[in-house]
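Notes follow once the structure below has been shown.
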Amino acid sequence: MNAHIQPFPVRTTCPYCGVGCGILARPDGRGGAAITGDPEHPANFGRLCSKGFALEETLGLSGRLLRPMMRNRDGVLATVSWPQALDAVADGFARVIARDGPQAVAFYLSGQLLTEDYYVANKLMKGFIGSANVDTNSRLCMASSVAGHRRAFGADTVPGVYADLDDAALIVLVGSNAAWCHPILFQRMLQNKSGSGARIIVIDPRCTATAEEADLFLPIAPGSDAALFSGLLVHLADSGALDHGYIEAYTGGFPAALARAREIAPDVAATARATGLPEAKIAAFFALFGASERVVTCFSQGVNQSAQGTDKVNAIINCHLATGRIGKPGAGPFSLTGQPNAMGGREVGGLANQLAAHMGFTPEDIDRVRRFWRAPRMATREGLKAVPMFEAIARGAIKALWVMGTNPAVSLPRADAARAALRSLELLVVSENVLSNDTINAGAQIVLPAAAWGEKDGTVTNSERRISRQRAFLPPPGEAKPDWWVVCEVARRMGFGEAFAFGSPAQIFREHAALSAFENGGRRDFDLGGLAGISDAAYDRLDPVQWPIRSPDDRGESRFFAAGGFFTATGKARFVAVAPPALKAKLSDKFPFWLNTGRVRDQWHTMTRTGVSPRLGSHAPEPFVALHPDDAHRAGLRDGDLARVSTEHGACILKVTVSEGQRRGSLFAPIHWSDETASSARIGALVGSVTDPISGQPEAKATPAIIVPAPFRLRGFLVSRGVPALPPETWWTRVALPGAVGRLLASNEPPAAWREHARAFIPDGADVAEYSDSPRGIYRTAGFVDGRLEICMFIGPAENAPHWDAVKALLESGVIGETQRRVLLSGRSADGMIDQGPLVCACFGVGLAAIRKAIASGAATSVETVQVALRAGSNCGSCLPELKRIVERERFAEAV
């Protein structure tokens, strides 16, 4: 064991998706930590995905915001003291409120916040400032699930638990690439499939890594999910698969919902026309669902991020209510949450249309919360949801905004308009842990240094209602502070000190738990009354626990609704007659493609954390757009080209990935890149602001678009210890490398111009090596300081773009000899260095070349033997679909 690593790890929770995996962190005494999965945590039992596995690479202080900053008269952010910054925030908000009223201010929060942070921010805005203009980036990922739950169940209740994925006989995944986005849960599904014979059905416009593992794949037309599940409801009724006893005892509104379903999709043929699916596949899906008592339907962003997301959720829930397949082992609708604490934010009321603790803006709830908080200025109506909030900023109705832990200048739809709105604010306050991002650069006047993961202490709630502790194992660097402390200090300066006299997250949690139980008596689903008196010591050692927890001895209920008990006025669930599916946007000759957006395997949100990991940057280093081969041919594009993707809202230049898995007429582009990490890849700027009328969630899966070639004569890369400025017209994307920054380049400037640029890049006094072949359009240079590679640039013809594997290997070397320098500029690997090729397994850093070599040598002949020989695919499993394709392709090549 490394002497610097503590023998007793800190138990904490992963900061990425809503699976909520337990982690063991062993600080190394140098600001880092060894990260492993917690084998005792019931969410993951020790497994981690590639992102969690690489967390230790993200713990450095490079790029960290360490002190409060305010913009001076010259427009430059300069360091100030905490009292100066806090006074400025409090005075600024108070000034706007006194002049324009509480509706002129807003908070925009994040699923990255801890529950305790969320609670005090929501309390300050809704109870003491008197406005409900507090929303969260969860509006962009989970709002439709919240609305669907509330319509059907009377509360935002997730009925099931992860164990249902182990018990189900049929697992239906709708709009969920779980193999990449929730890989730990997907591995549980695959274990059930291989061990107990469960069947997996995937419904998605794209043939994703998840679809490749399915027993049945339905490549549905964008926006038609509600039609498919309406057809299923009709089939269940006509085939005798309804649970009439459950419907009669525990539900209402079934006749109207069934009648509407018959209007939308009266039979298999009509369902096929509405969804673009073959009748045989629809019939197979209907038959499997009807015949399987234990069905779990998992849905995620492909359902939620839609202008009809709420209706899609309710169409799914209708089918489970109609068959009584809810709240039982292996049965129920299951929303897979996007962020680590989206659920916690929903619990405290972090959405503008919630009040607090799963209470809404009814007169009774408003009065109840007012009395509990002793709130002087209680908000009495819903606030503005994210998209309308930024529209209000743009027209000047909101003049002061506090953004905490999120990057709306990148992630919101019509992101260019959102960025312009931010620049128009009288006061923009940003709580962040990075020095620079697109939102800060949009003109933030005050930037507050927030504690990051590993430094924060509090709780998060995962997709199955399980509360886990996120514990600090590193001290906050510089003057970074927890978000709850910052909010409480501002509240005190605004005159609300008594209500915000919290000295620890445990104190906040106790109040949060007490509010959930206040005048509850089992009438509300969310109840943590049993933890309202938890001691500081018990809070510190709190094990993961599911709510509700109504007494100190209660360890939580596993499931809801098997025997009714819904949280509506009648106590019965509500069937919902969903609207006929219709995409609000329309294709045209100008914009003939649907643009679908989403995530990639190894990145998270806008890369604030994952973007600093060399391992995670290796799998998909460039922002890309995927399209079907037929569409690529018609557009004059080849795999690896650069293309301009445009909508009526903006344009990006992306690398082309030609994929048979893409639906014809549809493009897919990931959301992660920002102006910090690429020259032209802010996908949010392309997405329209059409929203679901009930949830307010934006449509991110179907924006009309066009794709055309974006020709560049030269391609190449720049690898450097620093970050030199590039010429303005250069296309680039930034990639973290070991000890350096890499940028992949494209340009129309001649090699001679790049030779001039290189002179500005290379440090004074460096030893310079050059290689130039003007007739072939090639220029290469490297600078060495004290024998170590400091900077290297290769530029060449776009059709033969140079690779940087050999250069990356030299970055970690010590003094580089003359022979290695010559070999370096030749573009070949030096002695002892192997070009790894594209990364396949991010967990263990295994590239395509190593896998091919193992297969060619006979050391590996199957996926299982590759796992043994190289460890690839033996951890989270998210690379297994790709690994299977490689093994099949290499074995076929050998046979030929």
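Bear in mind that the values in this text are calculations on the coordinates, not laboratory data. Everything numeric here is computed off the predicted structure, so don't read it as measured data. Because the Cβ atoms are built from the backbone with ideal geometry, glycine has one as well, and the counts that use them run over all protein chains shown.
The figures follow:
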{"quantity": "For the range 289-368 versus the range 500-526, the gap between their alpha-carbon centres in whole angstrom", "calculated": "22 Å"}
{"quantity": "Debye log10 I(q)/I(0) for the range 297-435, one point scatterer per Cα, at q = 0.10, 0.13, 0.21 Å⁻¹", "calculated": "-0.49, -0.81, -1.33"}
{"quantity": "Peptides 809-817, 297-305 ordered by average Cβ neighbours within 10 Å, highest first", "calculated": "297-305, 809-817"}
{"quantity": "Kyte-Doolittle mean at least -0.5, axial Cα span of 24 Å or more - DSSP H helices of the chain", "calculated": "82-100"}
{"quantity": "Peptide ranges 375-386, 787-798 listed from the most packed, as the mean C-beta count within 10 angstrom indicates", "calculated": "787-798, 375-386"}
{"quantity": "Difference of contour (0.36 nm per residue) and Cα-Cα distance, residue 67 to residue 634", "calculated": "198.8 nm"}
{"quantity": "Tensor-based shape of the range 551-599 (alpha-carbon gyration tensor, a/c under 1.5 rounded, otherwise prolate or oblate)", "calculated": "oblate"}
{"quantity": "Summed residue charge, Cβ within 15 Å of residue 223's Cβ, Lys/Arg positive, Asp/Glu negative", "calculated": "+2"}
{"quantity": "Environment charge at residue 784 (Cβ cut-off 9 Å; Lys +1, Arg +1, Asp -1, Glu -1)", "calculated": "-1"}
{"quantity": "Residue 569/residue 819 FRET efficiency (R0 60 Å; Cβ-Cβ; nearest 0.05)", "calculated": "0.15"}
{"quantity": "Value of Rg to Rh for the range 645-711 (Rh from inverse mean 1/r over Cα pairs, i.e. Kirkwood)", "calculated": "0.98"}
{"quantity": "Space enclosed by the convex hull of the alpha-carbon atoms of the range 74-126, per residue, Å³", "calculated": "133 Å³"}
{"quantity": "Alpha carbon centroid spacing (whole Å) that separates the range 759-796 from the range 570-642", "calculated": "38 Å"}
{"quantity": "Spacing of the two label points (7 Å from each Cα toward its C-beta) at residue 756 and residue 849, in nm", "calculated": "3.6 nm"}
{"quantity": "Filtered chymotrypsin sites (Phe, Trp or Tyr not before Pro), the range 17-109: DSSP coil and at most 16 other beta carbons within 10 Å", "calculated": "45"}
{"quantity": "Charge dipole magnitude, Cβ of K and R +1, D and E -1 - the range 15-95, Cα centre, debye nearest 20", "calculated": "220 debye"}
{"quantity": "Net charge contributed by nearby residues that have their C-beta within less than 13 Å of residue 443 (K/R +1, D/E -1)", "calculated": "+1"}
{"quantity": "Net lengthening on full extension, residue 785/residue 826 (0.36 nm per residue, minus Cα-Cα)", "calculated": "12.8 nm"}
{"quantity": "Semi-axis lengths (Å, descending) of the ellipsoid that matches the C-alpha gyration tensor of the chain", "calculated": "42, 35, 27"}
{"quantity": "Overall form of the range 721-791 per C-alpha gyration tensor (a/c, 1.5; a/b vs b/c)", "calculated": "oblate"}
{"quantity": "Loop-resident sites, the range 632-696, for GluC sites (Glu not before Pro), counting at most 11 other Cβ within 10 Å (DSSP)", "calculated": "660"}
{"quantity": "Amide H within-cut-off set for residue 173, under 5 Å, with H built and near neighbours excluded", "calculated": "201, 202, 203, 298"}
{"quantity": "Ordering of 698-708, 139-149 by burial proxy (mean other Cβ atoms within 10 Å per residue, highest first)", "calculated": "139-149, 698-708"}
{"quantity": "Antiparallel bridges, percent of DSSP beta bridges restricted to the chain (to nearest 5)", "calculated": "60 percent"}
{"quantity": "Average projected area [Cα convex hull, the range 88-241], square nanometres", "calculated": "13.1 nm²"}
{"quantity": "Amide H contacts of residue 23 (H built 1.01 Å from N, under 5 Å, at least 5 apart or other chain)", "calculated": "12, 13, 14, 38"}
{"quantity": "Whether the range 499-626 is rounded, prolate or oblate, judged on the alpha carbon gyration tensor where a/c under 1.5 counts as rounded", "calculated": "oblate"}
{"quantity": "The range 533-573: trypsin sites (Lys or Arg not before Pro) in DSSP coil with no more than 15 other Cβ atoms inside 10 Å", "calculated": "541, 555"}
{"quantity": "Whole-Hz couplings from phi, Karplus 6.51/-1.76/1.60, listed for the range 659-671; x for Gly and Pro", "calculated": "9, 5, x, 7, 5, 4, x, 10, 10, 10, 9, x, 8"}
{"quantity": "Sum of -39500 (n - 2.57) over DSSP H runs of 4+, divided by residues of the chain (222 nm, nearest 500)", "calculated": "-9000 deg cm²/dmol"}
{"quantity": "In Hz, Karplus ³J(HN,Hα) per residue of the range 739-746 (6.51, -1.76, 1.60; θ = phi - 60°; x = Gly, Pro)", "calculated": "x, 7, 10, x, 9, 8, 10, 9"}
{"quantity": "Coordinate range along principal axes, alpha carbons of the range 612-746, Å, largest first", "calculated": "48, 37, 28"}
{"quantity": "Sequence-distant residues sharing a close amide H with residue 625 (under 5 Å, placed H)", "calculated": "655, 656, 657"}
{"quantity": "Where Rh is the Kirkwood radius over Cα pairs, Rg/Rh for the range 480-560", "calculated": "1.04"}
